[in-house]
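Student: Below you'll find the structure I mean.
Bear in mind that the values in this text are calculations on the coordinates, not laboratory data. This one's a predicted model, so the numbers in the text were calculated from it and none came from an experiment. Counting neighbours? That spans all protein chains shown, and the Cβs are built from the backbone with ideal geometry, glycine included.
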Amino acid sequence: MKYAVNVLLATTLSLGLLSGCMAESTTATSTAAAATTNYTNGKQYATLSASIPTQAPSNQVEVTEIFWYGCPHCYELEPTINEYLKTKPANVYFNRVPATLGEKWTFHAKLFYVGKMLDSDGSKGIHTKIFDALHKQGRRIDNDDAIKRFFEAQGFTAAQVDTVLKSMELQTSLNYAKEVTNKSGIQSVPSLIVGGKYLTGPAMMSEGSKLIDVLNYLVNKK
């Protein structure tokens with residue numbers, strides 16, 4: 001990795017590999033914010049040695065989900081993420097970033113951003129449909145022709161898909177995903193980063209620890 005993580009983070013990540021997708025599960029649940037609970041650096045979360053770039057407005061705290069479409073653990077986490085999006089604090093800016101830990105991962109990052117650009121308001125539920133296509137239907141979307149067929153089946157025209165595939169915005173988004181992946185130093189997914197500096201995820205949850213509670217704790221951490 002071009003960017004190193006500290007020893008504490010490296011140790012935590014090595015433990016997390018047991019229940020995450022690595023380069024070439026357990027779903028955490030929660031019912032309430034953990035306003036009065038203290039969590040421990042090195043157990044339920046870790047501090048990155050170098051902050052990742054964020055996209056949140058200055059008055060908001062970014063929660064970044066780093067995922068891979070091919071990861072069953074990321075797919076299993078989706079209900080928890082959707083629950084969090086319904087209940088997250090008003091000052092939280094949620095940002096999905098696809099990991100680029102290998103060639104297939106990078107292609108799936110491209111798939112994510114094409115979907116995000118075509119379904120910019122999320123009204124077609126493209127993100128969920130991509131996950132379902134890969135994990136429920138067993139489809140392979142691993143080249144540009146497959147991307148075009150998939151999005152045309154969702155009601156987009158070939159011209160719309162071609163425009164996105166050739167756009168500078170797509171390349172900029174992919175460069176951003178690579179930068180986040182490198183600077184975070186992650187070795188497995190799903191991972192969540194709060195405020196650009198605190199790493200957590202389902203692999204770091206011990207018995208009794210709940211992911212949404214930990215996210216809420218980290219959002220309020222100074």
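Student: For the chain, take every pair of Cα atoms, bin their distances at 10 Å starting from 0, and report each bin as a whole percent.
Tutor: Values per bin, smallest distances first: 8, 34, 37, 17, 4, 0.
Student: Another question, if that's okay. Using the crude model of +1 on Lys and Arg Cβ and -1 on Asp and Glu Cβ, and no other charge, please compute the dipole size for segment 7-219 relative to its Cα centre, in debye to 20.
Tutor: With only Lys, Arg, Asp and Glu charged at Cβ, the dipole is about 60 debye.
Student: Once you have the Cα-Cα distance between residue 82 and residue 132, take 0.36 nm times their residue separation minus that, and quote the gain in nm to one decimal.
Tutor: Numbers: separation 50, 0.36 × 50 = 18.00 nm, distance 1.48 nm.
Result for the pair: 16.5 nm of gain on full extension.
Student: Over the alpha carbons of segment 106-183, what is the largest minus smallest coordinate on each principal axis, giving the biggest first in Å?
Tutor: Extents along the principal axes, in whole Å: 34, 27, 24.
Student: Hey, can you rank 177-184, 140-147 by average C-beta count inside 10 Å, highest first?
Tutor: Numbers: 177-184: 20.6, 140-147: 13.8.
Listed from highest to lowest mean packing, they are 177-184, 140-147.
Student: Once you've got the Cα coordinates, tell me which of 148/183; 88/221; 43/210; 43/222 are over 22 Å apart. Each step should come with its number before you reach the end.
Tutor: Values: 148/183 31 Å; 88/221 15 Å; 43/210 12 Å; 43/222 18 Å.
From the list (148/183; 88/221; 43/210; 43/222), the Cα-Cα distance tops 22 Å for 148/183.
Student: Near residue 129, which aspartates and glutamates are there with a Cα under 15 Å away, not counting those fewer than 8 places off in the same chain?
Tutor: Once the sequence-local aspartates and glutamates are set aside, what remains near residue 129 is 76, 78, 119, 121, 152.
Student: Need the full-extension length gain, residue 146 to residue 160, defined as separation in residues times 0.36 nm minus the C-alpha distance. One decimal, nm.
Tutor: On the way: separation 14, 0.36 × 14 = 5.04 nm, distance 1.47 nm.
Full extension from residue 146 to residue 160 adds 3.6 nm.
Student: Which value results when the Cα radius of gyration for segment 38-121 is divided by 2.2 N^0.38 Å?
Tutor: 1.21
Student: Still on this structure, I have one more. What ranking of 168, 204, 117, 22 emerges when the number of other C-beta atoms within 10 Å of each C-beta is taken as an exposure proxy, fewest first?
Tutor: Numbers: 168 7, 204 25, 117 18, 22 15.
Least crowded to most crowded, the residues run 168, 22, 117, 204.
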